[in-house]
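**Q** Structure below; questions to follow.
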Number of protein chains: 2
Amino acid sequence: MSRRRYYLEDRALDEAIARFEAAIERAGGIHPLDSETIPLAEARGRITAVPVWAARSAPHYHAAAMDGIAVRAAATTGATESSPLTLALGSQAVWVDTGDPMPPDTDAVVMAEHVQTLDDATVAITAAVAPWQHVRPLGEDIVATELVIPEGVPLRPVDLGAIAAAGHATVTVRRRPRVAIIPTGTELVTPEAVAAREAAGQPMRAGEIIEFNSLILAGMVEEWGGQATRLPPVPDRQDLLRAAITSAMADHDVIVINAGSSAGAEDYTATVLADLGEVAVHGVAIRPGHPVILGVAGGKPALGLPGYPVSAALTADLFLRPLLYRLQGLTPPPRPQVTAAISRKLLSPLGEDEFVRVTLGRVDGRLIAAPLMRGAGVVMSLVRADGVARIPRFSEGLHAGSEVMVELLRDPAEIESTIIAIGSHDLALDLLANHLRRAGAGRRLSSANVGSLGGLMALQRRDAHLAGVHLLDEETGEYNISYVRRLLPDEEIVLVHLAYRDQGFLVAPGNPLGLSSLRDLVRPGVRFVNRQRGSGTRILLDYHLRQEGIDPGAIAGYQREEFTHMAVAAAVQSGAANVGLGIGAAARALGLTFIPLFSECYELAIPRRHWESELLAPLRRMLFDPTYRSAVEALGGYNVARMGEEVRVS
Amino acid sequence: MSRRRYYLEDRALDEAIARFEAAIERAGGIHPLDSETIPLAEARGRITAVPVWAARSAPHYHAAAMDGIAVRAAATTGATESSPLTLALGSQAVWVDTGDPMPPDTDAVVMAEHVQTLDDATVAITAAVAPWQHVRPLGEDIVATELVIPEGVPLRPVDLGAIAAAGHATVTVRRRPRVAIIPTGTELVTPEAVAAREAAGQPMRAGEIIEFNSLILAGMVEEWGGQATRLPPVPDRQDLLRAAITSAMADHDVIVINAGSSAGAEDYTATVLADLGEVAVHGVAIRPGHPVILGVAGGKPALGLPGYPVSAALTADLFLRPLLYRLQGLTPPPRPQVTAAISRKLLSPLGEDEFVRVTLGRVDGRLIAAPLMRGAGVVMSLVRADGVARIPRFSEGLHAGSEVMVELLRDPAEIESTIIAIGSHDLALDLLANHLRRAGAGRRLSSANVGSLGGLMALQRRDAHLAGVHLLDEETGEYNISYVRRLLPDEEIVLVHLAYRDQGFLVAPGNPLGLSSLRDLVRPGVRFVNRQRGSGTRILLDYHLRQEGIDPGAIAGYQREEFTHMAVAAAVQSGAANVGLGIGAAARALGLTFIPLFSECYELAIPRRHWESELLAPLRRMLFDPTYRSAVEALGGYNVARMGEEVRVS
């Protein structure tokens, strides 16, 4: 028997939303939440539940609008610099400060600049005033009973001031919708539990997963105006899940279960929700996020979100966000959108709406959208994303360079100030990103790791501002120059030295197999992990293999390719391989032993128009910043003596 | 002797900022705030103080990425739908759920869909898999030691998830800058004190002012990432102000004093700041906000902001906002800007940067910026403002229709969905604005009160979508039609009936002077308050005065013009006048007696292309909404029987 127990539907997105709304309607519909009256000082960002009408006028009396003397305007006629008029203090003129009530029978103020004190009882004025001049009449700002703030408005600081000015110390606002977030899964452990156990010397076990989706979902709920309760993880038992949902129903407006929404043996969410209410949708034709459940439980909207973090966040955005705004009587604010050119071909299955996370940056005037890893388990793809491109279900994908609409997740100004690095990965680039951020120079370094050759091709396509490269020319023994000349013959490229860095074997701690040269790779029992074709490390390896006459086919694992130094180190750490070629920093980072073999030259290839641009100016300066240089040296295996030196290639 | 004691400077804005920064530098400069380590669940919106490096990989083991059986890929070669391969459970195949660790010696997962259970010990597979297929290798998402979040980043929900996934339960963030807000002024009373006193039957006295600026300033400080302390108002005494500042210096990073920054007799802020530190600037050539003080006290930046709410908010935005971002190591995010056509001529003094609050809306494709009241005391001008236009100090102003850059205070989408009403004011329009907001229809009604004729001229200029009008044709006795035909001969205009409403005398409670007809206005001792020329009420008055042969010159107060019904009512309530002509609702609102004299027809004049537009659709529907109609009737003096009826004029 197969262990699949449910058939997941493939509802189109709009149909799924309609079915969800209909189920909510059947269960009694969405009622506006009750309201609460709170002090103004706590009301920023809250939504008015009723209109605020002015209880008093502001000012509530005729007030002097200048420092000077209050007068009857008629008594000032004819006063000028050359023929001042004399007024008796007390009867004809009264000193007032700004904000003072106008004395009876006065209707204007002569500014202090136009008043000369003659003696204790007399002043002279050098200017006439019109009736009501320099007076703030009663109600100039607010007239009692007028509308100050309509209902359904998110309160800004200035609104709070106006409400106070209109005579209120409190304001009646809508209650925030309460959302219960129930993580499910026997394998889940909370970050706090992990920290406590590790402090006690007990490491996490394989199969255990840190429960972090509820942090993401709770934060999103709060951004959308709700109040989230993060409940403790519920093990995969139907009775426990049912009890958790039932208890949460009592004092929440919306129930979110994460996950157990798929069709595996331990996915109970649909069963329990069907029992407590109704499952309106189980399975939506979207990617990621397919196995989502939409329904009601105990009359409350209930959502079963998939377990992968990207799927959970995306489905919350699609189904929970509009619901929370509706509960507050609001429509969700539309996100800004931009049109961008997609940097590479994207295939997408017919019949599914696909949501692709992309980074964005402007290169040569074109806004470039570079797709991030599509795995729904890669939370870093959400962290790095600047926007989300939607590929509709009637499309099979996008050609490289074609235009795509991208919904922005980041401020457009930040995107305009992004430096795009595509090429070989290096920890010194991570550090550069951090130091640029720290310097507050208003630049963000976004880096994609596709190897050195991939970086130069990105420069060819004008998809990046710079490429990190360490490509050995097997004939000249020189680094980078010949590659740049061949691949970018029409571009004026500057090669900027970043560092010399050691490349060598990454091996288990203590080097148990005693590996010390390339020849050791063909020893029986040695499993190698390689870098991808086109990467500088791979070219370095192949060059030296040829020099030493070693047949790559004789190296076990030569076909297994990883895309970063760190992934190679991780493969060695996990025991999946015994040895890889990489940089010393990666070995040190994961506690591996490093056997240096070669020193190589890591440079940044930068078209001159970018290198001299305003955008890159903070990066230029940073290469000479002693703080940054020592941070790179502290990684180990780096020599920064020539950092920032330029070689003009063409 | 004059009571002016200080000479206010006229520093140019950029010079003022430079002097302020230099003074802060002399006092020791801005040091990054210390950091604090807090639980992830409390860290949304906080700024990372140090980079977050991954403490563990995610996943931290090779994990199944599908439900199915874990296998060695090599053992599946050749399996297809038509020639399945048989595998022994336990030795060759192990059932796994998504997320399970891969059993030893397996390197791929065959999806459950491609597995048939033959018996307890054997399965058949109908598809081959490649090495590492359907496996999430160790570190696929995050590799231990890699950079997860740089420092200086405001944490979003997804960042919190990634930090947890990377093995942390806490995060180190920058402390929020602490800002003390010290209101000064003997005349100030807190909203809470007013509420308490009124509950005890003690009304506010003339000369007292509700202290609400600190609510605005505190809200702004919080929006900018700071933590505000609102201190109790300090009376105008130098020793008390000095004590308040000294005490606040001890545990705050920035001191804000509001106000006492001008040059009046009781303006001690500059004296005290000079004594406790340095006054770098006293007076900036900006409008509003001229008398601002920038300096340091006890080594901390100290700002004396002017007392008028608009000045206080504007100067906080200019001088405090960049400071708070700097204290957090950030640059203030630029506000979005738009280019708009200014709706009327604006004069602006040479030598001052002027900041004009405007409302914005799109009419016939043009974005129109309509200036709001310029008085710095009018907090409602900030509430209503959609943006701020800056008129540089080298300009003498703007011609009507000329282009101006506007910094947005509101979401652009909200501006695009704004219906602009310019014309005669009516409480039924306030209610319409509120009901549109409440209906959640995504429309905002922005209304400017310039009288009926002003409204028709706004339609002429294409500055508005509709105009509220009640213009009596003195020859035909009909309302509105002839005016519209004359003023808008080339436009197809629809007159939409809103309500019949009573116009009559607004008099003191009980009508002490016994006024009952227009002829009573010329009685000795009767002081009238008029509406502005062009307003429907004024035309109605003048028509009936002529009909009855009454000389306007014989009416005391005929020259005193107010711009709204409510302002007329307020003048009567305050005793500044005995009687005005207006609508019943205004009388009732301020507790006046209403003597109905005439019934008039209040209509909305709307170009047909707007009336039938998508933008106005929710407004069209609202006119037939029973809730809205009864709300208007409840105002009193309204007849809504014909609401929504259309008259085609041309």
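The values are calculated or read from the model by the stated rules, or taken from the named source; none is laboratory data. Quick caveat: nothing in here was measured; it's all calculated off a predicted structure. Neighbour counts are summed over all protein chains in view; Cβ atoms, including those assigned to glycine, are modelled from backbone coordinates with ideal geometry.
**Q** Just give me the residues in the range A:31-60 being within 11 Å of chain B (Cβ to nearest Cβ) and either of a type in the set (Val, Ile, Thr) or under 30 Å from A:Gly277 (Cβ atoms) (or both), in sequence order.
**A** First, pick out the residues of the range A:31-60 that are within 11 Å of chain B (Cβ to nearest Cβ): A:32, A:39-45, A:47-60.
Residues satisfying the conditions are A:Pro32, A:Ile47, A:Thr48, A:Ala49, A:Val50, A:Val52.
**Q** Looking at (1) under 26 Å from B:His610 (Cβ atoms); (2) out of contact with any Phe, Trp or Tyr (no Cβ under 7 Å at 6 or more places or on another chain); (3) of a type in the set (D, E, K, R), find the lone condition where B:Arg531 falls short.
**A** Against the list (1) under 26 Å from B:His610 (Cβ atoms); (2) out of contact with any Phe, Trp or Tyr (no Cβ under 7 Å at 6 or more places or on another chain); (3) of a type in the set (D, E, K, R), B:Arg531 comes up short only on (1).
**Q** Further question: Within the range B:195-213, which residues are within 7 Å of chain A (Cβ to nearest Cβ) and out of contact with any Pro (no Cβ under 7 Å at 6 or more places or on another chain)?
**A** To start, the set of residues in the range B:195-213 that are within 7 Å of chain A (Cβ to nearest Cβ) comprises B:195, B:204, B:206-207, B:209-210, B:212-213.
Residues satisfying the conditions are B:Ala195, B:Met204, B:Ile209.
**Q** Something else now. Would you please list the contacts, defined by Cβ atoms under 6 Å and residues six or more apart or on different chains, that run from a residue in the range B:496-519 that is within 22 Å of B:Arg546 (Cβ to Cβ) to a residue that is among the polar types (S, T, N, Q) and part of a strand (DSSP E or B)?
**A** So the pair list comes out as B:Asp502/B:Ser599.
**Q** Go through the range B:147-162 and give me each residue that's under 28 Å from the mean Cα position of the chain (by Cα) and not basic (Lys, Arg).
**A** B:Gly152, B:Val153, B:Pro154, B:Leu155, B:Pro157, B:Val158
**Q** Report, by residue number, each residue of the range B:603-650 that is surrounded by 19 or more Cβ atoms within 10 Å (Cβ to Cβ) and part of a strand (DSSP E or B).
**A** Those that are surrounded by 19 or more Cβ atoms within 10 Å (Cβ to Cβ) and part of a strand (DSSP E or B): B:Glu603, B:Leu604, B:Ala605, B:Ile606, B:Pro607, B:Tyr638.
**Q** A further question on this structure: Given A:Arg26, A:Arg56, A:Arg44, A:Arg11, which one is buried (at least 20 other Cβ atoms within 10 Å of the Cβ), over 30 Å from A:Trp132 (Cβ atoms) and not small (Gly, Ala, Ser)? Give the steps one after another, and end with the answer.
**A** Working: A:Arg26 fails: buried (at least 20 other Cβ atoms within 10 Å of the Cβ); A:Arg56 fails: over 30 Å from A:Trp132 (Cβ atoms); A:Arg44 fails: buried (at least 20 other Cβ atoms within 10 Å of the Cβ).
Result: A:Arg11 is the single residue among A:Arg26, A:Arg56, A:Arg44, A:Arg11 that is buried (at least 20 other Cβ atoms within 10 Å of the Cβ), over 30 Å from A:Trp132 (Cβ atoms) and not small (Gly, Ala, Ser).
**Q** While we're looking at this one, here's another question. Scan the range B:351-402 residue by residue and report those that are within 14 Å of chain A (Cβ to nearest Cβ) and among the basic types (Lys, Arg).
**A** Answer for the range B:351-402, where residues must be within 14 Å of chain A (Cβ to nearest Cβ) and among the basic types (Lys, Arg): B:Arg357, B:Arg374, B:Arg384.
**Q** Then there's this: Step by step: first the residues of the range A:558-572, then only those that are facing chain B (nearest Cβ under 8 Å) and within 31 Å of the chain's Cα centre (by Cα), then the one that is farthest from A:Ala631 (Cα to Cα). Which residue is that?
**A** Just the residues of the range A:558-572 that are facing chain B (nearest Cβ under 8 Å), to begin with: A:560, A:564, A:566-567, A:569-571.
This time we only want the ones that are within 31 Å of the chain's Cα centre (by Cα), so: A:564, A:566-567, A:569-571.
Values: A:Thr564: 21, A:Met566: 18, A:Ala567: 22, A:Ala569: 21, A:Ala570: 23, A:Ala571: 26 Å.
Only one residue fits best here, namely A:Ala571.
**Q** Say we look at the range B:132-165 and pick out the residues that are touching a Lys or Arg at 6+ places or on another chain (Cβ under 7 Å) and within 7 Å of another protein chain (Cβ to nearest Cβ); which of these is farthest from B:Ala75 (Cα to Cα)?
**A** B:Gly152
**Q** So which residues in the range B:299-323 are part of a loop (DSSP other than H, G, I, E, B) and out of contact with any Pro (no Cβ under 6 Å at 6 or more places or on another chain), if there are any at all?
**A** Within the range B:299-323, the first condition is being part of a loop (DSSP other than H, G, I, E, B), and the residues that meet it are B:299, B:306-308.
Within the range B:299-323, B:Gly299, B:Gly307, B:Tyr308 meet the criteria.
**Q** A follow-up question, please. Wholly within the range B:1-118, which strands (runs of 3 or more DSSP E) include no fewer than the required count, namely at least 2 residues that are small (Gly, Ala, Ser)? Working first, answer last.
**A** On the way: elements: B:35-39, B:68-71, B:85-88, B:94-96, B:108-111.
Those strands (runs of 3 or more DSSP E) span B:68-71.
**Q** Out of B:Val363, B:Val379, B:Val338, report the one residue that is in contact (Cβ under 8 Å) with a residue 12 or more places away in the chain, within 30 Å of B:Gly295 (Cα to Cα) and among the β-branched types (Val, Ile, Thr). Break it down into steps so the answer makes sense when it comes.
**A** On the way: B:Val363 fails: within 30 Å of B:Gly295 (Cα to Cα); B:Val338 fails: within 30 Å of B:Gly295 (Cα to Cα).
Sole residue among the options that is in contact (Cβ under 8 Å) with a residue 12 or more places away in the chain, within 30 Å of B:Gly295 (Cα to Cα) and among the β-branched types (Val, Ile, Thr): B:Val379.
**Q** Starting from the range A:45-56, take each residue that is of a type in the set (S, T, N, Q) and list its partners that are assigned to a loop (DSSP other than H, G, I, E, B), counting only C-beta distances under 8 angstrom and pairs at least six apart or across chains.
**A** Note: pairs meeting the criteria are A:Thr48/A:Pro150; A:Thr48/A:Glu151; A:Thr48/A:Gly152; A:Thr48/A:Val153; A:Thr48/A:Leu155.
**Q** I need every pair where a residue in the range A:195-219 that is within 14 Å of B:His168 (Cα to Cα) and buried (at least 17 other Cβ atoms within 10 Å of the Cβ) has its Cβ under 6 Å from the Cβ of a residue that is among the hydroxyl-bearing types (Ser, Thr, Tyr) and modelled with pLDDT of 90 or more, sequence separation at least 6 or different chains.
**A** Listed pairs, sorted by first residue: A:Glu211/A:Thr190.
**Q** A further question on this structure: Test A:Leu592 against the stated conditions and say whether it is in the same structural domain as A:Asp473 (by TED's automatic domain parsing), crowded, with 21+ Cβ neighbours inside 10 Å and under 30 Å from B:His62 (Cα atoms).
**A** On the way: in the same structural domain as A:Asp473 (by TED's automatic domain parsing): yes; crowded, with 21+ Cβ neighbours inside 10 Å: yes; under 30 Å from B:His62 (Cα atoms): yes.
Criteria met by A:Leu592.
**Q** Right, something else. I need a count of the residues in the range A:384-401 that are over 17 Å from A:Ala421 (Cβ atoms) and outside any loop (DSSP other than H, G, I, E, B). Break it down stepwise before answering.
**A** Initial filter on the range A:384-401 (over 17 Å from A:Ala421 (Cβ atoms)): A:387-401.
When the remaining residues are screened for being outside any loop (DSSP other than H, G, I, E, B), the result is A:387-391, A:397-398.
The number of residues fulfilling the criteria is 7.
**Q** While we're looking at this one, here's another question. For B:Ala587, are the conditions met, namely being buried (at least 23 other Cβ atoms within 10 Å of the Cβ) and either in the same structural domain as B:Leu515 (by TED's automatic domain parsing) or in contact with a Phe, Trp or Tyr (Cβ under 7 Å, 6 or more places away or on another chain) (or both)?
**A** In short, yes.
**Q** So, one more: Exactly one of these conditions fails for A:Pro131: (1) in a strand (DSSP E or B); (2) outside the structural domain of A:Thr48 (by TED's automatic domain parsing). Give me its number.
**A** Looking at each condition in turn, A:Pro131 falls short on (1).
**Q** To continue, here is another question. For residues that are under 36 Å from the mean Cα position of the chain (by Cα) and modelled with pLDDT under 95, scanning just the range B:502-528, find the one that is surrounded by the most Cβ atoms within 10 Å (Cβ to Cβ).
**A** B:Gln503
**Q** Answer yes or no as to whether A:Leu518 is in the same structural domain as A:Met622 (by TED's automatic domain parsing), touching a Ser or Thr at 6+ places or on another chain (Cβ under 7 Å) and not acidic (Asp, Glu).
**A** Numbers: in the same structural domain as A:Met622 (by TED's automatic domain parsing): yes; touching a Ser or Thr at 6+ places or on another chain (Cβ under 7 Å): no; not acidic (Asp, Glu): yes.
Considered against the rule, which asks whether it is in the same structural domain as A:Met622 (by TED's automatic domain parsing), touching a Ser or Thr at 6+ places or on another chain (Cβ under 7 Å) and not acidic (Asp, Glu), A:Leu518 comes out as no.
**Q** Hey, another quick one. State yes or no: is A:Pro177 buried (at least 19 other Cβ atoms within 10 Å of the Cβ), out of contact with any Phe, Trp or Tyr (no Cβ under 6 Å at 6 or more places or on another chain), more than 7 Å from chain B (Cβ to nearest Cβ) and more than 30 Å from B:Val221 (Cβ to Cβ)?
**A** On the way: buried (at least 19 other Cβ atoms within 10 Å of the Cβ): yes; out of contact with any Phe, Trp or Tyr (no Cβ under 6 Å at 6 or more places or on another chain): yes; more than 7 Å from chain B (Cβ to nearest Cβ): yes; more than 30 Å from B:Val221 (Cβ to Cβ): no.
Criteria not met by A:Pro177.
**Q** Does any residue of the range A:526-545 turn out to be within 11 Å of chain B (Cβ to nearest Cβ), under 27 Å from A:Tyr483 (Cβ atoms) and either free of Cβ contacts under 8 Å to residues at least 12 places away in the same chain or out of contact with any Cys (no Cβ under 6 Å at 6 or more places or on another chain) (or both)? Explain how you work it out, then say what you get.
**A** From the range A:526-545, those within 11 Å of chain B (Cβ to nearest Cβ) are A:529; that's our starting set.
If we keep only those that are under 27 Å from A:Tyr483 (Cβ atoms) too, we end up with A:529.
Still in the list and also either free of Cβ contacts under 8 Å to residues at least 12 places away in the same chain or out of contact with any Cys (no Cβ under 6 Å at 6 or more places or on another chain) (or both): A:529.
Looking for residues that are within 11 Å of chain B (Cβ to nearest Cβ), under 27 Å from A:Tyr483 (Cβ atoms) and either free of Cβ contacts under 8 Å to residues at least 12 places away in the same chain or out of contact with any Cys (no Cβ under 6 Å at 6 or more places or on another chain) (or both), one finds at least one in the range A:526-545, hence yes.
**Q** May I pose another question? So which residues in the range B:240-291 are more than 14 Å from chain A (Cβ to nearest Cβ) and hydroxyl-bearing (Ser, Thr, Tyr)? Write out each step before concluding.
**A** First, pick out the residues of the range B:240-291 that are more than 14 Å from chain A (Cβ to nearest Cβ): B:240-255, B:257, B:269-287, B:289.
Passing the criteria: B:Thr246, B:Ser247, B:Thr269, B:Thr271.
**Q** Hey, another quick one. With assigned to a loop (DSSP other than H, G, I, E, B), on the phi < 0 side of the Ramachandran plot and surrounded by 18 or more Cβ atoms within 10 Å (Cβ to Cβ) as the only criterion, which of A:Ala571, A:Ala576 stands out?
**A** The unique qualifying residue is A:Ala576.
**Q** Of all residues in the range A:431-447, how many are under 17 Å from the mean Cα position of the chain (by Cα) and not in a helix (DSSP H, G or I)?
**A** The number of residues fulfilling the criteria is 6.
**Q** Now for a different question. I need the full set of residues from the range A:81-130 which are β-branched (Val, Ile, Thr) and more than 14 Å from every other protein chain (Cβ to nearest Cβ), in order please. Before the answer, list the steps.
**A** Step one: list which residues in the range A:81-130 are β-branched (Val, Ile, Thr), which gives A:86, A:94, A:96, A:98, A:106, A:109-110, A:115, A:117, A:122-123, A:125-126, A:129.
Across the range A:81-130, the qualifying residues are A:Thr86, A:Val129.
**Q** Whether any residue in the range A:448-470 is within 12 Å of chain B (Cβ to nearest Cβ) and either in contact (Cβ under 8 Å) with a residue 24 or more places away in the chain or in a helix (DSSP H, G or I) (or both) is what I want to check. I'd like the intermediate steps shown before the answer.
**A** At the first step, the residues of the range A:448-470 found to be within 12 Å of chain B (Cβ to nearest Cβ) are A:449.
Now narrow it down to the ones that are either in contact (Cβ under 8 Å) with a residue 24 or more places away in the chain or in a helix (DSSP H, G or I) (or both): A:449.
Yes, some residue in the range A:448-470 is within 12 Å of chain B (Cβ to nearest Cβ) and either in contact (Cβ under 8 Å) with a residue 24 or more places away in the chain or in a helix (DSSP H, G or I) (or both).
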